[in-house]
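**Q** Take a look at this one; I'll ask things after.
The values are calculated or read from the model by the stated rules, or taken from the named source; none is laboratory data. Please read these numbers as outputs of a predicted model, since none were measured by experiment. In this analysis, Cβ positions are derived from the backbone assuming ideal geometry, glycine residues included, and neighbour counts consider all displayed protein chains. Heads up: the accessible areas ignore ligands, DNA and RNA and are worked out on the full protein's heavy atoms, side chains in. Shrake-Rupley method; radii C 1.70, N 1.55, O 1.52, S 1.80 Å.
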Amino acid sequence: MAVTVEIMKRALLLICLLTSCNRPGPVRLVLQPPSTNNYPSYFASWLGFYKEEGVDVSISQIAGASKILEAVVGGGVYEQTLQMAAEGKSIVAFVSLLKSPNFAIIAAPGIHKWSDLRGKTVGVSSVGSPSQFYFTYLLNKEGVAGVSTVTVGMGATAMAALEHGQVDAAVLFGSAITAHLARKPDAVILADTRTPEGLQKAFQVNDYPASCLLAQRSWLDVNPESAKKMTRAVLRAMAWIREHSAEEVLSRVPSAGDPAAELAAIRLAKPMYSVDGLIDKGSAEAVLAIIGLKTSKIDVLSTFLNLN
């Protein structure tokens, strides 16, 4: 009898251990500070959608985009999955937030057209970043050579570099664009992807998967249900943003920096948020061509996963 009881205890212990192993644990989501590019990931938390979908998500903020790739789950850009694939690493985008990279290339005084950049210096968020890929692609398309790039960061540092004459043009994102144009309304915009028309003119596409939720393939293989719940929560957040006024959206942001610039950025971003979060092969291949990674190693179908 004692042996039977002991066997039952061990069996129950094994069942408990197996159950705990299969129970989804909390997900640590690593994001850059809130901006129109990643608002859906934050709003899913601020509005309680992650919790309602049954996934425990805690958000950690980091400053550098490169650090996103060290996280198990993070908010980054689709281009990063292609860069990692070229290195033989498996990072997968599992929900697309924006149909555009949401950038504009703004010129300093004296620069009126692309050819004026010959022999000049242009600021990008960092050398080797997607912002440099975008700029290089457009520069080649315009047939302009002899232009150098320097790192100016994003937001205030990029604006300062442009306004203080440290660069002759800069790739700006989100509210940095609207803030700069509010101060310099006559500034020349060489490219602007914040609208469907501008995106089509720059890249000849209607859907450019940019900001995404990314995860290591190993995590997705083990946690498909958590990923699906996160996807549903983020899709609900994007729908909420689309359905509410820019003022209502801004009122939910804990700290918006320059409220007027952020409000203008939200108005422009709202139509560009994805409706379904999906990435298709054609769009993925367009991104691959634009960032200029020429390698046969990359299978774009391995770099994204549609879960909804």
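**Q** Hand me the list of helices (runs of 4 or more DSSP H) wholly inside the range 152-229 holding 2 or more residues that are more than 19 Å from Glu142 (Cα to Cα). Outline the logic, then answer.
**A** Working: elements: 156-163, 175-183, 196-203, 217-222.
Fully inside the range 152-229 and qualifying: 156-163, 175-183, 217-222.
**Q** Within the range 23-73, restricting attention to residues that are in contact with a helix residue (DSSP H, G or I) (Cβ under 8 Å, 6 or more places away or on another chain), among the acidic types (Asp, Glu) and open to solvent by 50 Å² or more (accessible area, probe 1.4 Å), which residue is farthest from Ser129 (Cα to Cα)?
**A** Among them, the one singled out is Glu52.
**Q** How about the range 283-305: which of its residues are within 17 Å of Leu98 (Cβ to Cβ) and out of contact with any strand residue (DSSP E or B) (no Cβ under 8 Å at 6 or more places or on another chain)?
**A** Ser283, Ala286, Val287, Ile290, Ile291
**Q** Which residues, counting only those in the range 254-302, are surrounded by 14 or more Cβ atoms within 10 Å (Cβ to Cβ), in a loop (DSSP other than H, G, I, E, B) and either modelled with pLDDT under 95 or small (Gly, Ala, Ser) (or both)?
**A** Selection gives Ala256, Gly257, Asp258, Ser274, Gly277, Asp280, Leu293, Ile298.
**Q** Now a separate question. What number of residues within the range 195-208 are surrounded by 13 or more Cβ atoms within 10 Å (Cβ to Cβ) and closer than 12 Å to Ile290 by Cα?
**A** The qualifying residues number 4.
**Q** Return the residues of the range 84-108 that are among the polar types (S, T, N, Q) and either on the phi > 0 side of the Ramachandran plot or open to solvent by 40 Å² or more (accessible area, probe 1.4 Å) (or both); say none if nothing qualifies.
**A** Going residue by residue through the range 84-108, those that are among the polar types (S, T, N, Q) are 90, 96, 100, 102.
Of everything in the range 84-108, those that are among the polar types (S, T, N, Q) and either on the phi > 0 side of the Ramachandran plot or open to solvent by 40 Å² or more (accessible area, probe 1.4 Å) (or both) turn out to be Ser90, Asn102.
**Q** Do you know which of the residues in the range 150-171 that are surrounded by 22 or more Cβ atoms within 10 Å (Cβ to Cβ) and without any contact (Cβ under 8 Å) to a residue 40 or more places away in the chain is nearest to Ala261 (Cα to Cα)? I'd like the intermediate steps shown before the answer.
**A** Going through the range 150-171, the residues surrounded by 22 or more Cβ atoms within 10 Å (Cβ to Cβ) turn out to be 152, 154, 158-159, 162, 167, 169-171.
Keeping just the survivors that are without any contact (Cβ under 8 Å) to a residue 40 or more places away in the chain gives 152, 154, 158-159.
Details: Val152: 20, Met154: 15, Ala158: 15, Met159: 13 Å.
Out of the qualifying residues, it is Met159.
**Q** Of everything in the range 109-132 that's among the aliphatic types (A, V, I, L, M) and crowded, with 23+ Cβ neighbours inside 10 Å, which residue is farthest from Val152 (Cα to Cα)? Working first, answer last.
**A** Residues of the range 109-132 among the aliphatic types (A, V, I, L, M): 111, 117, 122, 124, 127.
Pick out the ones that are also crowded, with 23+ Cβ neighbours inside 10 Å and you get 117, 122, 124.
Details: Leu117: 17, Val122: 9, Val124: 6 Å.
Ranking the candidates gives Leu117 first.
**Q** Tell me which residues, restricted to the range 111-148, are closer than 20 Å to Gln83 by Cα and assigned to a loop (DSSP other than H, G, I, E, B). Walk me through how you get there before you give the answer.
**A** As a first pass, look at the range 111-148 and keep what is closer than 20 Å to Gln83 by Cα: 124-138.
Matches in the range 111-148: Ser125, Ser126, Val127, Gly128, Ser129.
**Q** Can you tell me which residues in the range 206-259 are in contact (Cβ under 8 Å) with a residue 60 or more places away in the chain and β-branched (Val, Ile, Thr)?
**A** Thr231, Val234, Ile241, Val249, Val253
**Q** Can you pull out every residue in the range 265-287 that is in contact with a Lys or Arg (Cβ under 9 Å, 6 or more places away or on another chain) and farther than 19 Å from Leu235 by Cβ?
**A** Ala265, Leu268, listed by residue number.
**Q** While we're on this one: Only residues that are polar (S, T, N, Q) and buried (at least 24 other Cβ atoms within 10 Å of the Cβ): list them for the range 209-227, please.
**A** Filtering the range 209-227 for residues polar (S, T, N, Q) gives 211, 216, 218, 223, 226.
Of everything in the range 209-227, just one residue is polar (S, T, N, Q) and buried (at least 24 other Cβ atoms within 10 Å of the Cβ), namely Ser211.
**Q** On the given criteria, is Ser125 within 30 Å of Lys229 (Cβ to Cβ) and small (Gly, Ala, Ser)?
**A** Details: within 30 Å of Lys229 (Cβ to Cβ): no; small (Gly, Ala, Ser): yes.
No; evaluated as a whole, the condition is false for this residue.
**Q** Can I ask one more? Mind checking whether some residue in the range 234-247 is farther than 22 Å from Asn308 by Cβ, at pLDDT 95 or above and open to solvent by 50 Å² or more (accessible area, probe 1.4 Å)? I'd like the intermediate steps shown before the answer.
**A** First pass over the range 234-247, keeping only residues farther than 22 Å from Asn308 by Cβ: 245-247.
Retained after the next criterion (residues that are at pLDDT 95 or above): 245-247.
Checking which are open to solvent by 50 Å² or more (accessible area, probe 1.4 Å) leaves us with 247.
Checked the range 234-247: at least one residue is farther than 22 Å from Asn308 by Cβ, at pLDDT 95 or above and open to solvent by 50 Å² or more (accessible area, probe 1.4 Å).
**Q** Looking at (1) over 20 Å from the mean Cα position of the chain (by Cα); (2) open to solvent by less than 70 Å² (accessible area, probe 1.4 Å); (3) polar (S, T, N, Q), which one does Ser251 not meet, given that it meets all the others?
**A** Going through (1) over 20 Å from the mean Cα position of the chain (by Cα); (2) open to solvent by less than 70 Å² (accessible area, probe 1.4 Å); (3) polar (S, T, N, Q) one by one, Ser251 breaks only (2).
**Q** State yes or no: is Val167 among the hydrophobic types (A, V, I, L, M, F, W, C) and modelled with pLDDT of 95 or more? So that I can check it myself, show each step before the final result.
**A** On the way: among the hydrophobic types (A, V, I, L, M, F, W, C): yes; modelled with pLDDT of 95 or more: yes.
Yes.
**Q** What are the pairs with Cβ atoms under 9 angstrom where one residue, in the range 172-185, is among the polar types (S, T, N, Q) and the other, located anywhere, is open to solvent by less than 20 Å² (accessible area, probe 1.4 Å) and not in a helix (DSSP H, G or I)? Sequence gap at least six, or different chains.
**A** As it stands, the answer is Ser175/Thr36, since those pairs meet every condition given.
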